[in-house]
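The values are calculated or read from the model by the stated rules, or taken from the named source; none is laboratory data. Just so you know, these numbers come straight off a predicted model, no measurement behind them. Cβ sites come from the backbone with ideal geometry, for glycine too, and all protein chains shown count toward neighbours. We work out accessible area using only protein heavy atoms, side chains counted, and drop any ligands, DNA or RNA first. Shrake-Rupley method; radii C 1.70, N 1.55, O 1.52, S 1.80 Å.
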Amino acid sequence: MLARPGLPDFDYMKAESAQDVFRLLKERGDEVKLLMGGTDLFVQMRDRNESVGILLDLKHLPGIKDISYDKKKGINIGAAVTLNQLSAHPDVKDHFQILSQSADTIGNYQVRNRATLGGNICNASPSADMAPAALVLEGEVFLSGPDGERMMALDQFWEGPGKTALKEYEFLAAVHFPNPPSGAVGRYLKLGRSKMGDLAIVGVAVLGYPDSEVPAGIRFRIGINSTAPTVYRVPQVEEFLAQAPLSDDILRQAAGEAMKVSAPIEDVRATALYQKKMVNNLTFKGLKEVWNQLVIS
Ligand SMILES: Cc1cc2nc3c(=O)[nH]c(=O)nc-3n(C[C@H](O)[C@H](O)[C@H](O)COP(=O)(O)OP(=O)(O)OC[C@H]3O[C@@H](n4cnc5c(N)ncnc54)[C@H](O)[C@@H]3O)c2cc1C
């Protein structure tokens, strides 16, 4: 007998327009689950954590796989853009490099061929690897619903493990990232159990950029995953770093503060204490690498 029974039966439907999505969600919302690459969803269905009658595929909606860059406004990335497409796209690599770096840490090449940015964001896992970079880039989501489209800052979108601010009948259409401040440098550091593709024990994204208005001359943004119910920034630590001339000691203190804020829970991947210590280590390492790069360039 199989250790796991495999996938339950389901119907597959392909949405050709946003109206198709709203109609089916209104008519049969209780049975419908929205599908992108399925790399989270199929696992949840196999493990019977999701009961699904109909999988409604959004990948064929007009524009949902598009990436468009504007020098003034930033970049819009369709929810169905895969992580491999994201990682290789020239505008992403040139202007939003920390997104490429983050995408490259996810699973393996085959998973990244299916997995999408939208799926990673909507799954709302506290360990989602795209989330720390998306937060430090101050991303916003375009949510499409029967009454039109609305935008929301990503830090408002995640409400808890697996919970988002999506309303009934809505779906994520795209993610917008404004251009990072001039001269910005980003780094995503992830600790997993193996290099062959594993969820993060801890992941830390650091974005730094010159700012002559603050005593440090540099501002940092820090995003952290896996150590709270949602991925989060640490504004108090960011402010502390802006207010003092930078040194190794200041970076260490900042990393220590980030560790204090983190609130991991014991899980199969690591103890809470280990995760806290890794927040400290990765935050220091990320700050140091970004600082060095900013000082050299
Ligand atoms: C072997 C393996 C390794 C993995 N490694 C990692 C890893 O290292 N890091 C990591 O972060 N993740 C990892 N994952 C998880 C997964 O690959 C990613 O989270 C991926 O980005 C999910 O995207 P997807 O397109 O497959 O989403 P799907 O599985 O299709 O969808 C995920 C969820 O979001 C909902 N959803 C999807 N799109 C929308 C939308 N447009 N609007 C509203 N709701 C929507 C779905 O209904 C579902 O609940 C791994 C998965 C596997 C199988």
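Observations on the model:
- Over region 154-291, relative contact order from alpha-carbon pairs under 8 Å, at least 6 apart, %: 22
- Taken per residue, the accessible surface of region 18-174 reaches 45 Å², heavy atoms only and a 1.4 Å probe.
- Counted over region 196-246 with a bin width of 10 Å, the fraction of Cα pairs per bin, in whole percents, is 24, 43, 23, 10, 1.
- Seen through its C-alpha gyration tensor, with square-root eigenvalues sorted a ≥ b ≥ c, region 164-297 comes out oblate because a/c lies at 1.5 or above while a/b is not bigger than b/c.
- Computed log₁₀ I(q)/I(0) - Debye formula, equal Cα scatterers, no solvent, region 1-132, q 0.19, 0.21 Å⁻¹: -1.12, -1.26
- Cα pair count fraction exceeding 24 Å, expressed as % - region 63-176: 18
- Among 95-104, 173-182, 160-169, sorting by the average number of other beta carbon atoms lying within 10 angstrom of each residue, highest first, gives 95-104, 173-182, 160-169.
- Whole-Å distance, taken between Cα centres, linking region 136-188 and region 34-61: 21
- Considering the chain, its Cα convex hull presents a mean projected area of 16.2 nm².
- Rel. contact order, % - alpha carbon contacts under 8 angstrom, at least six apart, the chain: 14
- Rounded to the nearest 20 debye, the dipole magnitude of region 88-139 is 200 debye, with +1 charges on Lys and Arg beta carbons, -1 on Asp and Glu beta carbons, and the Cα centre as origin.
- Fraction of antiparallel bridges per DSSP, the chain only, in percent to nearest 5: 85
- Degrees, to the nearest 10: 18-28 long Cα axis against longest axis of the chain: 60
- Rounded to the nearest 500, the helix-only mean residue ellipticity at 222 nm of the chain stands at -10000 deg cm²/dmol, with each DSSP H run of n ≥ 4 adding -39,500 (n - 2.57).
- Cβ charges +1 (Lys, Arg) and -1 (Asp, Glu), total dipole of region 106-204, debye: 580
- The distance linking region 202-222 with region 259-294 is 17 Å (Cα centroid to Cα centroid, whole angstrom).
- Put a plus charge on the Cβ of each Lys and Arg, a minus charge on the Cβ of each Asp and Glu, and nothing anywhere else: the dipole of the chain about its Cα centre is then about 740 debye.
- Chain lengthening between residue 228 and residue 169 when straightened (0.36 nm per residue, less Cα-Cα): 18.4 nm
- Net charge of neighbours whose Cβ lies under 15 Å from the Cβ of residue 169, counting Lys and Arg as +1 and Asp and Glu as -1: -2
- Ranking 63, 282, 79 by how far each Cα lies toward the positive end of the dipole of the chain (charges on Cβ) leaves 282 at the top.
- Mean separation of Cα contacts under 8 Å (6+ apart) over length of region 87-178, as relative contact order %: 26
- Approximate shape of region 87-134 as ellipsoid semi-axes (Cα gyration tensor, √5λ), whole Å, largest first: 17, 13, 9
- Accessible area, probe 1.4 Å, largest first, for residues 288, 26: 26, 288
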